[in-house]
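No lab work stands behind these numbers, since they all come straight from the coordinates. Just so it is clear, the structure is predicted and the values come from calculations on it, not from any experiment. Here Cβ is always computed from backbone atoms with ideal geometry, including for glycine, and neighbour counts include all displayed protein chains.
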Amino acid sequence: MTSSLLLSITTFIYLLCTVLYVAAVVFRYRPLLFAGTMTALGGFIIQTAGIILRWKESYDMGYGHAPLSNMYESLVFGAWSIIAIYLVFEWRSRQRALGFVPAGMAFIAMAYASFATGMDAKIQPLVPALKSNWLIAHVITCFLGYAAFAVSFGLSMLYLLRKDVKDNPGHGALAFLPNARQLDSINYQMIVFGFLWLSVGIITGSVWANSAWGTYWSWDPKETWSLITWFIYAALLHARTMKGWQGPRVAWLSMIGFACVLFTYFGVNYLLSGLHSYGR
Amino acid sequence: MANEKEKGSSANILDWLASLKLTLFVFFSLAAASTIGTLLPQGAELEESGFSPGTISLIQSLGLNNLYHSSWFRMLLMLLCVNLLVCTIDRLPKTIKLLRRQEDQFDSNKLSKFGTSAVMATRMSAEEVRPLVQNAVAETFGQLKDLGSSARFCGVLEKGRWSRLMVYGVHASVILVVLGALLGSIVGYKGFMNIPEGEASDEVELTVGAHNHLTLPFQVKCDKFEVSFYDTGAPKEFKSDLTIIDNGKEVVKQPIVVNDPLSYNGVTFYQSSYGATLKHVELEIKDSNSGKTEKVTTSLQQTVSIPGTDDQIRISEFQDNLMGFGPALGVVISKPAKPANGSWVLAQKPDFHGNKILNYQIKVKNISKANYTGLQVSRDPGVWVVYMGFTLMLLGIMLTFYSSHNKVWACIEPNENGNRTIVAVAGRSSRNAPAFNDKFDELRDRLNSVLKAEPIKLEQTKPEKAKAEKARPEKAKAEKTKPGKTKEEKKKK
Ligand code: HEM
């Protein structure tokens, strides 16, 4: 059993999970939601095992580092975070009908990690700059934030679709979902959670940079983009709390925020240069 | 009149400075400006960017090539701070006053108007009802405080007042971070030094401002520099053994690697790069005019005459591995009263055409190199202020979002004909309404059962609805989906 086998299995489980959740909503058949949850949980456990095994394998190869060091590994961890956050959310809120959003995103992340051209799935040694315990703290916290924003992005899209649909059951799949007001409130909780972790992520990155280079902020493109993202969500929180922006405007801002997350993550690696372009 | 008008306009400016509109404007402007900064080449990259000279001078005149340090970007940051300070001065006293306020008397009618409330009637007497209500509230939220009214029982319970102040912590943290950064930029510096193995130096090349040097009050010696590699060929670790020599005495001896620097007297040395430098080199110079061959020994940046001529030779640069061709010397030859001529001379390729400068054919006979370690040097006394800001920010955000100021009111009074006792409870939470409403529903269910209550119709039935939704979220009854402001938000405005 190797970690890459486990992670491949995970990819297909998340696909199955997405299909189950979507089918549940389309056919408005509740038992399928339960099946979706169980599949997500199963995939999550296998993926966790895969990540741990990969960690161990890197020690066996003599490199010895947490599996958070390149694009492949961070995508896998991103998928893991999305499912983790969603499962906790589902358990606490007993809202199941939204499962297809995170499941779909986790599947896309895993599939992209596995099949994108130029993606190197090999375990590589760490360059000296990345050898720090701050790496683990920084990547985990950033990804908790990104994952929450990813879920919020999905919820925002749903919100925009859902807001014009009446609640009564005659109205098809969308009416099966939580109503617009609930979506708005769930979305806000996700954003708050994401904002907290993005802040922790930026701060741990900054402390790390200071311990490695003596500068806690150097306006490197990745840093700058994470700050742009942070400003967007800070604006969203203020607008919502103090100016009573709710509903569509918050949904749009959240989607813009997530576009910034994506650019921070992919755009900076592929289009701009800087300290963080480890993903190449 | 004039005076009044003036007052009006300065109040307007203050209002504007305290406004959330300005906050949003600044947030979006900072985001947009930062975006431009990541898309346009910054600093020295601009000259190599391939933009037309006109574009380059436009970029320069707007400060876009050094955007994050330009005065207008700093102004935006300052505007954020001023906005924050004015807003705080405006709001903090009001918040404190609100938190200090004594509870007014209330009756069931007033409580029923709350967004989260329940009113019920029971046949029990007020005296019987009172301990039951107190117990039910105690089991869900906590102990009610008796407000001591004679006509009816009024009790109130309040928790987490401090929660409302936490956001001020977040805002203070932003100011702290900015202050720390300011302090660092005023009294701190950043630079680098390259120290060859076995040598000591106190010269720091500063990063800001070209050719800016700084002399440390002590010396840093590089005893040894090592690089290790993985079997893939990728570098594994850079390590320098450093010694600090202060007043001629060796005071600190410590190896450093990337991510593990050395600090001495507030100055920190980070392993950042390495390279090879030329110690000395022996050249064979053949004059193709006279056919004579001469030997010279020289080192970097040293000018020597070519024996038997008036010409001079100088090694201006050294590269350990020039584009994969091995060691290369940048050699400059100058003849009296003529412009100097230079070229790269490849040490391992004696036949390379560049090895001929003017009438001289140059061969590198013997080369002795030394490794140098590249150290990043920084002194930043503001970093602790920034870190305090970071800590406060995280604590503040956590407490702002995950604590709340909750209040529960209860009122027991006889109804008009005196045959029933009316029990009214209401609650309000500053945050996370769903969780609070869940608990409130629990309280209402409890009260309904212990009081054997008969529901009474009042216009407010919101909690009932919330409950129905919770039980069957996907099948919740149709209701207005247009999100409106909650009471809380309306009140704040
Ligand atoms: C980078 C800067 C800032 C950060 C990180 C920040 C952070 C926050 C956070 C996390 C909240 C709570 C939001 C919520 O309840 O959903 C908040 C609320 C608020 N912020 Fe800021 N803020 C910043 C700048 C500003 C500025 C410049 C102003 C100027 C007017 C401002 C005014 C407010 C106000 C009035 C509230 C609501 C406070 C309340 O609920 O009583 N903030 N801020």
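Let me know the mean shielding of B:27-34 by other chains, meaning the per-residue number of their Cβ atoms within 10 Å of its Cβ. Before the final figure, lay out the partial values.
Values: counts 11, 3, 1, 7, 13, 2, 2, 8.
Whole-number average of other-chain Cβ neighbours for B:27-34 is 6.
Collect residues whose amide H, placed 1.01 Å from N in the peptide plane, falls under 5 Å from the amide H of B:TYR230; neighbours closer than 5 in sequence don't count.
Residues meeting the amide H criterion: B:LYS236.
Kindly provide the helix-only [θ] at 222 nm of chain B, computed as the sum of -39,500 (n - 2.57) over DSSP H runs of four or more divided by all residues, to the nearest 500 deg cm²/dmol?
Numbers: 11 runs with 171 residues, N = 493.
Rounded to the nearest 500, it is -11500 deg cm²/dmol.
What residues qualify as long-range amide H neighbours of B:LEU322, i.e. H under 5 Å apart, gap of 5 or more or another chain, H built at 1.01 Å from N?
Correct list: B:ALA328.
List the pairs from B:LYS286/B:LYS349; B:LYS110/B:LYS452; B:LYS279/B:LYS365; B:LYS221/B:LYS253 whose alpha-carbon separation is above 18 Å, in the order I gave them. Intermediate values should be presented prior to the final figure.
On the way: B:LYS286/B:LYS349 16 Å; B:LYS110/B:LYS452 23 Å; B:LYS279/B:LYS365 14 Å; B:LYS221/B:LYS253 9 Å.
Flagged as over cut-off: B:LYS110/B:LYS452.
Pull up all non-local amide H partners of B:GLU199: gap of 5 or more, or a different chain, and H-to-H distance under 5 Å with H placed in the peptide plane.
When sequence neighbours closer than 5 places are left aside, the close amide H contacts are B:CYS222.
Largest first and in whole Å, what are the equivalent-ellipsoid semi-axes of the range A:1-126 based on the Cα gyration tensor, each being the root of 5 times an eigenvalue?
Each semi-axis is √(5λ); the values are 29, 13, 11 Å.
Going by a ≥ b ≥ c, the root eigenvalues of the Cα gyration tensor, does chain A fall in the rounded group (a/c under 1.5), the prolate group (a/b larger than b/c) or the oblate group?
On the way: a/c = 2.39, a/b = 1.30, b/c = 1.84.
Note, shape of chain A comes out oblate.
All other residues with a Cβ under 15 Å from the Cβ of B:LYS292 taken together, and with Lys, Arg as +1 and Asp, Glu as -1, what is their net charge?
Working: positive: B:LYS286, B:LYS295, B:LYS363; negative: B:GLU284, B:ASP287, B:GLU294, B:ASP310, B:ASP311.
After counting each charged neighbour, the total is -2.
For chain A, how many pairs of lysine residues have a Cα-Cα distance under 27 Å, where the two are 8 or more positions apart or belong to different chains?
Numbers: A:LYS56/A:LYS122; A:LYS56/A:LYS131; A:LYS122/A:LYS131; A:LYS122/A:LYS222; A:LYS131/A:LYS222; A:LYS163/A:LYS243; A:LYS166/A:LYS243.
Lysine pairs satisfying the spacing and distance rule in chain A number 7.
Please list, by residue number, every one of the trypsin sites (Lys or Arg not before Pro) in the range B:369-463 that is coil in DSSP and has at most 15 other beta-carbon atoms within 10 Å.
Details: sites: B:LYS369, B:ARG379, B:LYS407, B:ARG420, B:ARG428, B:ARG431, B:LYS439, B:ARG444, B:ARG446, B:LYS452, B:LYS457; in loops: B:ARG420, B:ARG431, B:LYS452, B:LYS457.
Sparse-neighbourhood loop trypsin sites (Lys or Arg not before Pro): B:LYS452, B:LYS457.
Which of the listed residues, B:SER430, B:SER368, B:MET393, is farthest toward the dipole's positive end in the range B:344-457, when Lys, Arg count +1 and Asp, Glu count -1 at the beta-carbon?
Highest projection toward the positive end goes to B:SER368.
Report the one residue of A:GLY267, A:SER218, A:PHE193 whose Cα lies farthest in the direction of the positive end of the charge dipole of the range A:130-280 (charges on C-beta: Lys and Arg +1, Asp and Glu -1; origin at the Cα centre).
Highest projection toward the positive end goes to A:PHE193.
Under 12 Å from the Cβ of B:CYS87, count the other residues' Cβ atoms, weight Lys and Arg +1, Asp and Glu -1, and hand me the total. The partial results should precede the final answer.
On the way: positive: B:LYS21, B:ARG91, B:LYS94; negative: B:ASP15, B:ASP90.
Result for the neighbourhood of B:CYS87: +1.
On the first, second and third principal axes, largest extent first, how far apart are the outermost C-alpha atoms of the protein assembly as shown in Å?
On the principal axes, the protein assembly as shown reaches 131, 76, 55 Å in Cα extent.
May I ask you to derive the relative contact order of the range A:130-280, considering only C-alpha pairs under 8 Å and at least 6 residues apart, and to give it as an integer percent?
Details: 171 pairs, mean separation 44.5, N = 151.
Reported as a whole number, the value is 29 percent.
Output the Kirkwood hydrodynamic radius of the range A:157-251, Cα pairs only, in Å rounded to one decimal. Walk me through the intermediate numbers first.
Working: mean 1/r = 0.0643 Å⁻¹.
Across the range A:157-251, the inverse of the average 1/r is 15.6 Å.
Of the options A:ALA23, A:ILE85, A:GLY50, report the single residue whose Cα projects farthest towards the positive end of the charge dipole of the range A:1-126 (beta-carbon charges: Lys, Arg +1; Asp, Glu -1).
Of A:ALA23, A:ILE85, A:GLY50, it is A:ALA23.
Between B:ASN289 and B:LEU14, what is the spin-label point distance in nm, taking each point 7 Å from the Cα along the Cα→C-beta axis?
8.4 nm
Go ahead and run the numbers for FRET between B:CYS81 and B:MET398, Cβ-Cβ distance against an R0 of 25 Å, rounding to 0.05. Intermediate values should be presented prior to the final figure.
On the way: r = 23 Å, r/R0 = 0.91.
Efficiency for this residue pair is about 0.65.
Apply the a/c threshold of 1.5 to the C-alpha gyration tensor of the range B:103-156 and tell me whether it is rounded, prolate or oblate. Intermediate results must be reported in sequence, preceding the final value.
Numbers: a/c = 1.16, a/b = 1.12, b/c = 1.04.
Rounded, because the longest to shortest axis ratio a/c is under 1.5.
Note the full-extension length gain between B:GLN301 and B:ASP260 as 0.36 nm times their separation in residues minus their Cα-Cα distance, in nm to one decimal. Show your work: numbers first, answer last.
Working: separation 41, 0.36 × 41 = 14.76 nm, distance 3.35 nm.
Net length gain for the segment: 11.4 nm.
Sequence gap at least 6, Cα distance under 8 Å: using those rules, report the relative contact order of the range A:1-126 to the nearest whole percent.
On the way: 153 pairs, mean separation 41.8, N = 126.
After rounding, I find 33 percent.
Local charge sum around A:PRO67 (other residues, Cβ-Cβ under 12 Å, Lys/Arg +1, Asp/Glu -1)?
On the way: positive: A:ARG54, A:LYS56, A:LYS122; negative: A:GLU57, A:GLU73.
Counting the neighbours of A:PRO67, the net charge comes to +1.
Run the simple label-point estimate for B:ASN321 and B:THR55 please: 7 Å along Cα→C-beta, distance reported in nm.
Between B:ASN321 and B:THR55, the simple spin-label model gives 3.5 nm.
So if I place +1 on the C-beta of Lys and Arg and -1 on the C-beta of Asp and Glu, and nothing else carries charge, what would the dipole magnitude of the protein assembly as shown be about its Cα centre? I want it in debye, nearest 20.
Numbers: 80 positive and 62 negative charges, 701 e Å.
Computed charge dipole of the protein assembly as shown: roughly 3360 debye.
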